[in-house]
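Here's the structure we're looking at; comments come further down.
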Amino acid sequence: MNLHRYGRLLVAALALSIAAACGSPASEAPAAQPSGSAPAAKLKIALSNSFIGNQWRVEMENVFKAACAMPPYVDQVECSVYNAGNDVSTQSRQISNLISQGVDGIVVNAASTSGLNGVVQQACDRGIVVVSFDNTVDAACGLTVNTDQVKFGQQLAQFLVDQLKGQGKVIMVTGVAGTGADNDRNKGAKEVFAANPGIEIVATYSGMWDSATAQRATSGQLPGLPKVDGVWVSGGTDGVIKAFSAAKRPMPVFAGEAENGFRKYMAGILEPKVNGMSIGQPPFLSVIALELARGVIKNEHPKESVTIPFPVVTSDSLVPGETVFPDLPDSFFADFTDSGPNATVILCQQGATDGTPCPGKTLDVNFGTR
Amino acid sequence: MRDRLGYVVLVATIAAYLVVYSSSLGRLPTSFDYLSILNTMLPLVFVAIGQSLVVLTGGIDLSVGGIVSLCVAVTATIVTGDGLAPFGWVLVVLVLGAACGAVNGVIVSAGRIAPILTTLATLSIFTGLALWVLPVPGGSIPPVVRNVLSNPNVPTGLIWLGVAIGGWLVLRRTRFGMRVYAVGSDETSARAVGVPAARVKLGVYALSGLCSGLAAVFYVSTTTAGDANAGAPFILTSIASVVVGGVAFSGGRGSALGAVAGAVALTLVIDVLFFAGIDPLYQSLFQGLFLVVAVLLGTVATLVTRRRRAVT
């Protein structure tokens with residue numbers, strides 16, 4: 001009986017290790033870039049993402065993969081991508097393993113702003129450049145790439161004030177309560193509205209950064225509201241427009257996120273055409289973080305965190321194919337690329353949808369001078 | 001055989017880890033790898049021990065997620081100072097964890113409400129309290145606590161792992177330990193022979209709360225900060241550890257050691273998938289497959305043993 005037991009144990013162990021060994025040739029797969037001609041000293045930079053359950057995260061990873069397959073990165077950097085789900089211990093195991101692999105840089109969108117401090121510090125201690133973006137890591141030794149969410153609120157609110165010439169009734173559709181970005185955006189907006197006494201906020205409610213939720217909440221609020229002149233939306237803007245349209249209300253001025261659906265209304269691709277401004281948290285933050293990591297490792301960029309300006313468009317400045325995409329779904333974030341002469345980075349549609357490189361293009365990241 | 005499921009799976013996972021690691025990097029894992037695995041897995045090990053105790057009585061504890069969150073929030077907020085003071089505060093956190101567990105125990109045993117309902121409700125309450133204590137991730141832990149609990153350079157974690165395992169080995173031989181099995185096997189008979197089932201359950205849930213408190217302290221010690229949502233992943237992973245560890249959900253069969261083995265195996269699976277280069281999109285698929293295969297292995301083993309017995 002004893003023999004049998006250990007026999008079985010051995011067989012199980014063997015079977016699993018063989019299975020694993022057969023799987024292991026794939027271990028080079030995530031890092032597989034066109035090799036051969038490449039010089040020996042390619043930098044290894046890994047993206048460690050937390051969860052991959054929404055449109056924004058998918059676009060964020062796609063543009064990262066696209067950038068890795070385009071010059072200058074295709075010749076200089078060997079990229080890999082890991083997702084951890086919203087589990088801090090999985091993500092910290094992955095970062096530990098990246099340390100063991102001896103990567104040169106790690107680009108992180110964190111499951112918790114505080115939960116990765118320990119392991120990020122360990123990476124820094126071993127001379128690895130850690131750049132976190134979007135949901136950044138607190139650890140002092142890591143660099144960050146992000147936008148200024150207070151400015152998001154301010155800029156959109158200021159647009160409404162200017163359009164309404166300082167007089168009018170405004171509603172605020174906020175995001176997911178208890179998150180840093182929601183707090184900051186609301187704070188920025190309220191500062192601007194408070195400084196303009198002619199502006200009256202007639203309703204404030206949450207749209208949960210979701211178009212369907214924002215539409216339902218707005219439909220519920222509208223019957224009790226007077227004529228609305230301006231709408232400030234933290235996310236789910238196309239849903240709010242649909243609710244106004246369904247209630248046969250006159251279209252107010254909209255200041256909202258970067259949903260492709262919202263921009264379709266702004267461009268008149270969807271009816272009714274609305275006047276508005278669209279700003280978003282850009283998915284290309286991952287590419288900026290990649291560039292910062294590359295630049296710092298190669299000593300081409302000072303070891304400093306970066307705050308980038310938001311990609312902004314108004315109804316007048318929209319260009320189909322560049323800032324609004326008629327053949328992409330409404331839920332797509334149209335700010336996967338910046339636009340204009342001072343653009344932070346310009347990416348193409350297939351980069352965001354499939355993660356494939358933009359043909360014949362060299363990526364040029366402009367950190368700006370602010 | 002089923003009792004040994006956890007160890008079989010653990011040995012297989014360790015073997016797979018060593019093979020995948022060395023074929024990927026061309027060398028064996030270093031002390032850094034072992035140490036970081038040890039420190040990351042400790043919180044789950046503690047929660048799994050607590051969960052296995054509850055499952056041994058035929059119950060289930062979903063509130064471990066809430067208790068870990070609450071204790072993480074409190075630890076990151078109040079454990080300060082230097083010298084011995086922080087350790088006093090750690091004790092306060094452990095008492096808090098045990099008290100939260102005891103609340104579950106009272107509702108389950110005195111209120112006679114199904115454990116799954118009770119702990120689902122208290123899960124929300126404890127998570128809510130955690131958000132109230134620490135609305136934004138943050139807080140800190142004194143370096144002295146970190147050095148003693150989960151030192152990033154010396155495997156102090158091994159001592160605590162040893163203490164936990166030793167604690168279980170002693171506990172199962174005490175009268176309370178026997179009663180846990182008795183209540184789990186057949187509560188009615190246990191009552192009939194004079195086992196105070198209500199008190200045993202109260203004790204088991206309180207112990208589970210204590211384990212969650214311990215997990216929280218180690219979590220903050222490893223990550224150096226708190227997050228009110230830290231506990232959520234532990235609910236399912238602790239139950240999975242118990243399952244892989246071969247503890248029967250009908251109660252009365254299995255051991256906390258199995259759950260420890262299950263917890264270690266589940267932590268290692270993440271590393272196996274990492275070094276095997278599995279596409280990140282399919283990682284949760286493979287984690288799920290691992291669970292199914294592990295459990296099937298147990299069922300098949302039980303069937304085989306039963307048939308062999310029938311033949312002889």
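Only Lys, Arg, Asp and Glu count, each charged at its Cβ (+1, +1, -1, -1), so figure out the dipole size of region A:149-279 about its Cα centre, rounded to 20 debye.
280 debye
Using amide H atoms built in the peptide plane, which far-off residues or other-chain residues are under 5 Å from A:Ile199 H to H?
A:Gly168
Please work out the ratio of the alpha-carbon Rg of region A:149-279 to 2.2 N^0.38 Å and round it to two decimals.
Relative to the 2.2 N^0.38 Å estimate, region A:149-279 comes out at 0.93.
Let me confirm one metric for peptide B:228-235, namely the mean number of other chain beta-carbon atoms within 10 Å of its residues' beta-carbons.
For this peptide, the per-residue mean of nearby foreign Cβ atoms is 3.
Semi-axes of chain B's equivalent ellipsoid from the Cα gyration tensor, sqrt of 5 times each eigenvalue, largest first, rounded to whole Å?
Largest first, chain B gives 29, 28, 17 Å.
Please give me the summed charge of the neighbours of B:Gly231: other residues whose Cβ is under 13 Å from its Cβ, Lys and Arg +1, Asp and Glu -1.
-3
What number in nm² do you get for region A:176-231 if you take the convex hull of its Cα atoms and divide its surface by four?
Averaged projected hull area, Cα only: 4.3 nm².
Restricting to the protein assembly as shown, compute how many DSSP beta bridges are antiparallel as a %, nearest 5.
10 percent
In peptide B:127-137, how many Cβ atoms from other protein chains are near each Cβ within 10 Å, on average?
2
Within region B:1-40, which trypsin sites (Lys or Arg not before Pro) sit in a loop by DSSP and count at most 14 neighbouring Cβ atoms inside 10 Å?
B:Arg27
I need the P(r) histogram for region A:83-131: all alpha carbon pairs, bin width 10 Å from 0 out to the longest distance, whole percents.
29, 62, 9
Once you order the gyration tensor axes a ≥ b ≥ c over the Cα atoms, which shape class does region B:1-125 get: rounded for a/c under 1.5, otherwise prolate or oblate by comparing a/b with b/c?
oblate
What is the local net charge at A:Gly188, summed over the other residues whose Cβ is closer than 13 Å to its Cβ (Lys, Arg +1; Asp, Glu -1)?
It works out to a net charge of 0.
What are the radius of gyration and Dmax of region A:158-208, computed over its Cα atoms and given in Å?
11.2, 32
About the Cα centre, and with charges only on the beta carbon of Lys, Arg (+1) and Asp, Glu (-1), how big is the dipole of chain B? Nearest 20 debye, please.
In debye, rounded to 20, chain B gives about 1260.
Cut-off under 23 Å on the C-alpha distance; same-chain residues fewer than 8 positions from A:Lys242 excluded. Which lysines are left, in chain and number order?
Once the sequence-local lysines are set aside, what remains near A:Lys242 is A:Lys169, A:Lys227, A:Lys264, A:Lys273.
Rounded, prolate or oblate for region A:34-124? Axes are the square roots of the Cα gyration tensor eigenvalues, ordered a ≥ b ≥ c, and the cut-off for rounded is a/c under 1.5.
oblate
What is the sum of charges, Lys and Arg at +1 and Asp and Glu at -1, for the other residues whose Cβ falls under 14 Å from the Cβ of A:Ser245?
Here the count lands on +2.
Taking only Cα atoms of the protein assembly as shown, what ratio of Rg to Rh do you get with Rh as the Kirkwood inverse-distance radius?
Checking Rg against Rh, the ratio lands at 1.02.
Rounded, prolate or oblate: which fits chain A when a ≥ b ≥ c are the square roots of the eigenvalues of the alpha-carbon gyration tensor, with rounded for a/c under 1.5 and prolate only if a/b beats b/c?
prolate
Picking from B:Ile235, B:Gln287, B:Val311, whose Cα lies most toward the positive end of the charge dipole for region B:2-311 (charges on Cβ: Lys, Arg +1; Asp, Glu -1)?
It is B:Val311.
Between the DSSP loop rule and a limit of at most 13 other Cβ atoms within 10 Å, which trypsin sites (Lys or Arg not before Pro) in region B:87-179 are left?
Within region B:87-179, the qualifying trypsin sites (Lys or Arg not before Pro) (loop, at most 13 other Cβ atoms within 10 Å) are B:Arg112.
Please report the relative contact order for chain A, taking Cα pairs under 8 Å with a sequence separation of at least 6, and give it as a percent rounded to a whole number.
The value is 17 percent.
Within region A:227-274, which trypsin sites (Lys or Arg not before Pro) sit in a loop by DSSP and count at most 16 neighbouring Cβ atoms inside 10 Å?
Listed in order of number, the matching sites are A:Lys227, A:Lys248, A:Lys273.
Is there a simple number for the mean count of other chain Cβ atoms within 10 Å of the Cβ of residues in B:218-224, and what is it?
5
The numbers here are math on the coordinates, done by the rules we state, and not lab data. It should be emphasised that the depicted structure is a prediction, and the values quoted were computed from it without experimental measurement. When we count neighbours, we look across all protein chains shown, and the Cβ atoms used for this are built from the backbone with ideal geometry, even at glycine.
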